[in-house]
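Quick notes on the structure that follows.
The values are calculated or read from the model by the stated rules, or taken from the named source; none is laboratory data. Since the model is a prediction, treat every value here as computed from it, not as a measurement. Here Cβ is always computed from backbone atoms with ideal geometry, including for glycine, and neighbour counts include all displayed protein chains.
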Amino acid sequence: MPFRSKLPRAGTTIFSVMSKLAQECGAINLSQGFPDFPVDAKLIAMVDEAMRSGHNQYAPMPGLPTLREAIAAKVERLYGHCYDAGSEITITAGATQAIFTIIGAVVHPGDEVVIVDPAYDCYAPSVELFGGKPVHVRSGSDMRFDVHAVEAAITPRTRMLMINTPHNPAGTILRDADMRAIAALLHGTDIMLLSDEVYEHLVFDGEAHASSIQYAELRERAFVVFSFGKVFHATGWKTGYVLAPRDLMAEFRKAHQFNVFSVNTPVQHALAKYLADPANYGGVPAFFQAKRDRFAAGLRGSRFRLLPCEGSYFQIADYGAITGEGDFAFAQRLAREHGVAAIPLSPFYKEPPEHQRLLRFCFAKQDSTLDAAIEKLCKT
Ligand code: PMP
Ligand code: GLN
């Protein structure tokens, strides 16, 4: 059947490719980002209870009111701005669906969307599917946000800027000065912001997460995206949410209602209860920081050189001292011959830097998994 692909350059995502390879060759899977430890039994019991008490039919289209209220309270407590639970918060089937629906709702054919590479892999294809034009700029050489590169990419057709903090795959964070620079850049324009903050609680070394929500200039033009998968170690539940000012959210919901309509009801009931107690997420930064530190300390005896990890659950490692192979070839060999699966960095770029030799390791794993991987990586 002859047809014209809308995504002619896309293959299967690197996350599926590497997890499959890890499974096939029995490698320790530090590739795709998901925890290998259990979800809190208390939360599971809440889902169970919700199902048993009959919460098994469609939730309201924008999400369960109690969950939206719990989110509004949490966001106000953390970031000092109160989103209206009725009109400015929508529950989504994870952040990926949120991002897709945001772009579908507001990007018109020919609109330019500025994406900072390396960038999470769903951004550019989502823009392309809706006829937008991804305009790729590069982070600085230290994987830091480069506001001047973004400024240079802005044209009268720029409709949206996409940012991500803490950053996947780089493990860097945006700080107050970065947020202020972005606010200054967008001031007086009609450019919207998509702020991907799914790792909001994974910020280390005592730093605070700088959210777009805290900056009026950003907040007023922003869709801010979150995922419960990251906070509660339940990536398979595919539940997240979007915050946006009323007019932007109304437009989002027009698309959302025809995209997924509504999201898993019993999980929303459980999350509404669980989220109400800040103790259920307060320990997340220290928990992951200890894992980052364990992994980094273990690799000190290896030939991998680690880049700074300020946030997220990813550690970037330079393998240039081991081989000159390209990152995909080395990632495959590392899985097959050395028993550890990681993610090559090049799929996160439109044009990967030619001489870059970087892999991304996910440290959201049990200590025993990390220790077993460390042993293998030290022999590589
Ligand atoms: N954005 C980033 C930066 C991510 O790392 C991920 C997934 N890990 C997502 C979005 C998608 O999140 P979800 O699994 O909730 O769709
Ligand atoms: N976000 C996860 C990662 O970065 C993967 C999610 C997915 O497989 N789509 O590894």
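Annotations for the structure displayed:
- Looking at Asp190, Asp205, just one residue is more than 16 Å from ligand 2 (Cβ to nearest atom), closer than 22 Å to Met160 by Cβ and in a loop (DSSP other than H, G, I, E, B), and that residue is Asp190.
- Any hit, the range 333-340, residues being more than 16 Å from ligand 1 (Cβ to nearest atom), of a type in the set (Gly, Ala, Ser), in contact with a helix residue (DSSP H, G or I) (Cβ under 9 Å, 6 or more places away or on another chain) and modelled with pLDDT of 95 or more: yes
- The residues of the range 260-276 that are under 21 Å from Glu197 (Cβ atoms) and modelled with pLDDT of 95 or more, listed by number, are Val260, Val263, Val267, Gln268, Leu271, Ala272, Tyr274, Leu275.
- Of residues in the range 18-52 being part of a helix (DSSP H, G or I) and in contact with a strand residue (DSSP E or B) (Cβ under 9 Å, 6 or more places away or on another chain), the one nearest to Ala234 (Cα to Cα): Ser19
- Flag if Ser31 is loosely packed, with under 13 Cβ neighbours inside 10 Å, at pLDDT 95 or above, within 21 Å of the chain's Cα centre (by Cα) and within 16 Å of ligand 1 (Cβ to nearest atom): no
- Within the range 348-362, the presence of at least one residue that is in contact with a helix residue (DSSP H, G or I) (Cβ under 9 Å, 6 or more places away or on another chain), of a type in the set (Phe, Trp, Tyr) and crowded, with 24+ Cβ neighbours inside 10 Å is confirmed.
- When residues of the range 235-247 are limited to those that are in contact (Cβ under 8 Å) with a residue 12 or more places away in the chain and either surrounded by fewer than 20 Cβ atoms within 10 Å (Cβ to Cβ) or among the β-branched types (Val, Ile, Thr) (or both), the one nearest to ligand 2 (Cβ to nearest atom): Thr235
- Condition check for Leu185: within 20 Å of Leu243 (Cβ to Cβ) and hydrophobic (A, V, I, L, M, F, W, C): no
Listed here are the residues, each with its yes/no results for (1) basic (Lys, Arg); (2) away from ligand 2 (no atom under 16 Å from the Cβ); (3) surrounded by 13 or more Cβ atoms within 10 Å (Cβ to Cβ).
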{"site": "Met1", "(1), (2), (3)": "no, yes, no"}
{"site": "Ala10", "(1), (2), (3)": "no, no, yes"}
{"site": "Ser19", "(1), (2), (3)": "no, no, yes"}
{"site": "Cys25", "(1), (2), (3)": "no, yes, yes"}
{"site": "Ile44", "(1), (2), (3)": "no, yes, yes"}
{"site": "Leu64", "(1), (2), (3)": "no, yes, yes"}
{"site": "Leu78", "(1), (2), (3)": "no, yes, yes"}
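- Taken as a whole, the condition of being within 20 Å of the chain's Cα centre (by Cα), among the hydrophobic types (A, V, I, L, M, F, W, C) and either away from ligand 1 (no atom under 16 Å from the Cβ) or surrounded by 15 or more Cβ atoms within 10 Å (Cβ to Cβ) (or both) does not apply to Leu299.
- Condition broken by Leu174, with the remaining ones in (1) touching an Asp or Glu at 6+ places or on another chain (Cβ under 6 Å); (2) buried (at least 18 other Cβ atoms within 10 Å of the Cβ) satisfied: (1)
- Residues satisfying the stated conditions in the range 313-367, i.e. in a loop (DSSP other than H, G, I, E, B), out of contact with any strand residue (DSSP E or B) (no Cβ under 9 Å at 6 or more places or on another chain) and within 15 Å of ligand 2 (Cβ to nearest atom): none
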